[in-house]
Every structure is written in C-alpha cells, then in structure tokens.
Amino acid sequence: MPPALVLLHGFTQTRQSWRRTVQALPGRYRAIAPDLPGHGQASERPASFAAATAYIRALQPDILAGYSMGGRIALHAAFVLRPERLILVGASPGLADAEERNARRAADDALADRIERIGVDAFATEWGAQPLFDGQPERVRAAAYADRLRNRPHGLAAALRGLGTGVMDPLWDRLPELDLPVTLVVGERDEKFRAIAERMRERLPRAELTVVPGAGHAAQLERPELVAAAIYQSGSPSSSASA
C-alpha cells in the first residue's frame, strides 16, 4: 500500500485547497486531505492543538504536510507522532516573544469577534485582500474565495481562538529535537515566510528548503505541480533546492 500522506490546509481554507496538488501526486501516495477543526465539514470539531493532533493520529500518517495554519498544526503534531517525513509550506514555529504572542492573541480574538459579526462572505473578501496574497493570479483568487465560503463564522472564530499563532507554544527551541527529514517550502514572493524558513533550516537537523518560483504565500494554490514535486523530492540528501 502506498504511504499515507496527510495534507493540512490553512486558515479559511478547506480540504479542497489541496485538490490540484493531490492531482499531481497520482499513485505515489495515499493522499488524505481532511477538514481541520473549525473549517468545512469539521466546523463543530473542538479547535485546539491537542484535539487536532489526536485527529491526525487517527489518520495514521506516514508523511505529514501542512500549509500556514496547517503547517503549525503539522509541526506541533510531528513532535508527538514522529512521521517519516514532514513538509511545511509557508509555516512558522510560532512567536518566541511573550509580549508579541499576547498581542497576537488579542488581535486574533478581536478578529474572531469580527468574523462572527460580519459573516463569512464579507470576511472572505477582507481576508483575500491582505498584502500577504498580493500577486495571486485572478484564477487563484477566485478559487480561494470560493473555498472560504465553505466555512461558517463560528467555526473560523473558534479556529482563531484555539489554533491561532498567539495561542501556539513557540517551538523554535525544540526544532533541534526533530530528527526527521523536513522539507520547508516557500513561495519566491513570500519574503516574510522565506526568512522564517531559512531560520528554521538552521535549527532543524535534517531540513531542506525549496523555493517555488513565481509563487507567493499560498504556493500550493499558485503552483500545485511544483509543490507536488517538492513532496516527491522531500527526504533527499540535498539541503536546499529550487522547484
């Protein structure tokens, strides 16, 4: 049986966001892309890192991949589940500074309140207009917007409060403990997370960095075939690469 590859989506997305990446992975893996707590069909599932890890454990991943929020969850779960390989797309180990975490948690709480007040349609438009997503092709923007509409206000609010960067215990100091192959994938235009990935590579014992040409933060939406190629190549002895 092919190895189980579990793919975790980002905040405001659903399992559908991995569809084109999965299509570029025929036969190599048994791809499993679940809805994460607070999202899609899992909107009622408890939103916490512990609950998410327990859910992922039940999927028995051989390889674990995650984008942005899904990457945070995948990294947290990897310390518990120890998959064969880990692929992180545009992800972070959290905020090391306590004051910065507190400020982010307060901002996320306020944003959660706003989502519940204005609803998913209005919030989906606001979220997609962030500078983080500048440069996305119109096709990608439209697909991302449609995916956001699969969510419910209370679910997204719960995910922010329970799975946001502000509530995540920072994992920077623990990265040297993660002695398994880790592929860090970032879009070429994603300067913030490219810098984070470079710092992570310095601390992880067995990490490689793949930069996806022409892509921004959501590389798996803009260049799914190249993210699929990075998944194929993960675990190779090379310490850095460009897709």
* Take D35 and decide whether it is of a type in the set (D, E), free of Cβ contacts under 8 Å to residues at least 60 places away in the same chain and under 20 Å from A228 (Cα atoms). => yes
* Tell me which residues, restricted to segment 20-47, are out of contact with any Phe, Trp or Tyr (no Cβ under 7 Å at 6 or more places or on another chain), among the small types (G, A, S) and closer than 20 Å to R148 by Cα. => G38, G40, A42, S43, A47
* To do: Filter segment 16-42 down to residues that are touching a strand residue (DSSP E or B) at 6+ places or on another chain (Cβ under 8 Å) and not in a loop (DSSP other than H, G, I, E, B) and give me whichever is nearest to D108 (Cα to Cα).
  => S17
* **Segments classed as strands (runs of 3 or more DSSP E), wholly inside segment 142-243, with at least 2 members that are in contact with a strand residue (DSSP E or B) (Cβ under 9 Å, 6 or more places away or on another chain) and under 22 Å from P26 (Cα atoms)** => 182-187, 207-212
* Structure fact -> Across (1) farther than 21 Å from V211 by Cα; (2) outside any loop (DSSP other than H, G, I, E, B); (3) out of contact with any Gly (no Cβ under 7 Å at 6 or more places or on another chain); (4) in contact (Cβ under 8 Å) with a residue 24 or more places away in the chain, L86 clears everything bar (1)
* Asked: Taking segment 167-188, which residues are surrounded by 19 or more Cβ atoms within 10 Å (Cβ to Cβ) and not hydroxyl-bearing (S, T, Y)?
  -> M168, L171, L175, L178, P181, V182, L184, V185, V186, G187
* Name the residues in segment 36-69 that are under 21 Å from R223 (Cα atoms) and touching a helix residue (DSSP H, G or I) at 6+ places or on another chain (Cβ under 7 Å), would you? -> L64, A65, G66, Y67, M69
* Within segment 147-166, can you find the residues that are closer than 30 Å to R206 by Cα and either surrounded by fewer than 16 Cβ atoms within 10 Å (Cβ to Cβ) or of a type in the set (V, I, T) (or both)? -> T165
* Of the residues A207, A157, A219, which is over 15 Å from the mean Cα position of the chain (by Cα), more than 21 Å from R45 (Cα to Cα) and at pLDDT 95 or above? -> A207
* Asked: So, of the residues in segment 124-144 that are without any contact (Cβ under 8 Å) to a residue 60 or more places away in the chain and of a type in the set (G, A, S), which turns out to be surrounded by the most Cβ atoms within 10 Å (Cβ to Cβ)?
  -> G128
* To do: For segment 162-205, enumerate the residues that are under 29 Å from A106 (Cα atoms) and among the hydroxyl-bearing types (S, T, Y).
  => T165
* Asked: Looking at (1) touching a helix residue (DSSP H, G or I) at 6+ places or on another chain (Cβ under 9 Å); (2) surrounded by fewer than 15 Cβ atoms within 10 Å (Cβ to Cβ); (3) not in a loop (DSSP other than H, G, I, E, B), can you tell me which one E99 breaks?
  -> (1)
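The values are calculated or read from the model by the stated rules, or taken from the named source; none is laboratory data. This one's a predicted model, so the numbers in the text were calculated from it and none came from an experiment. Cβ coordinates were reconstructed from backbone atoms using ideal geometry, including for glycine residues, and neighbour counts include every protein chain displayed.
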